[in-house]
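*Asks:* For reference, the structure I am asking about is given below.
The values are calculated or read from the model by the stated rules, or taken from the named source; none is laboratory data. These numbers come from a predicted model, not from an experiment. Reconstructed Cβ throughout: ideal geometry from the backbone, glycine too, with neighbour counts over all protein chains shown.
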Amino acid sequence: EDFVKGFRVFDNEGSNYISAGELRYVLTNMGEKLKDSEVDQLLRGVEKDADGNINYE
């Protein structure tokens, strides 16, 4: 639930989606920063739509 609240901050349109690029930026630049390789591994296991967006709900 905390993750969902955090993703909503970056979801300006209220679509319940965050782009893979936005997620990568957040995970590598804010808070406890992840390495690019860690984000790559995370994104491999996440479903994305045709535009590369991730439904976080």
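*Asks:* When the residues of the stretch 14-31 are narrowed to those that are part of a loop (DSSP other than H, G, I, E, B) and modelled with pLDDT under 90, which ends up surrounded by the most Cβ atoms within 10 Å (Cβ to Cβ)?
*Replies:* Across the stretch 14-31, the extreme among qualifying residues is MET30.
*Asks:* Where residues in the stretch 3-13 are of a type in the set (Phe, Trp, Tyr) and surrounded by 10 or more Cβ atoms within 10 Å (Cβ to Cβ), which of them is nearest to ILE54 (Cα to Cα)?
*Replies:* Within the stretch 3-13, the first condition is being of a type in the set (Phe, Trp, Tyr), and the residues that meet it are 3, 7, 10.
Imposing the further condition that a residue be surrounded by 10 or more Cβ atoms within 10 Å (Cβ to Cβ) reduces the set to 7, 10.
Values: PHE7: 10, PHE10: 12 Å.
Only one residue tops the list, namely PHE7.
*Asks:* If VAL4 satisfies every condition in (1) of a type in the set (A, V, I, L, M); (2) without any contact (Cβ under 8 Å) to a residue 24 or more places away in the chain; (3) not in a loop (DSSP other than H, G, I, E, B) but one, which is the exception?
*Replies:* Going through (1) of a type in the set (A, V, I, L, M); (2) without any contact (Cβ under 8 Å) to a residue 24 or more places away in the chain; (3) not in a loop (DSSP other than H, G, I, E, B) one by one, VAL4 breaks only (2).
*Asks:* Spot the failing condition for GLU38; the list is (1) surrounded by 11 or more Cβ atoms within 10 Å (Cβ to Cβ); (2) part of a loop (DSSP other than H, G, I, E, B); (3) free of Cβ contacts under 8 Å to residues at least 12 places away in the same chain, and only one is missed.
*Replies:* Every condition holds for GLU38 apart from (2).
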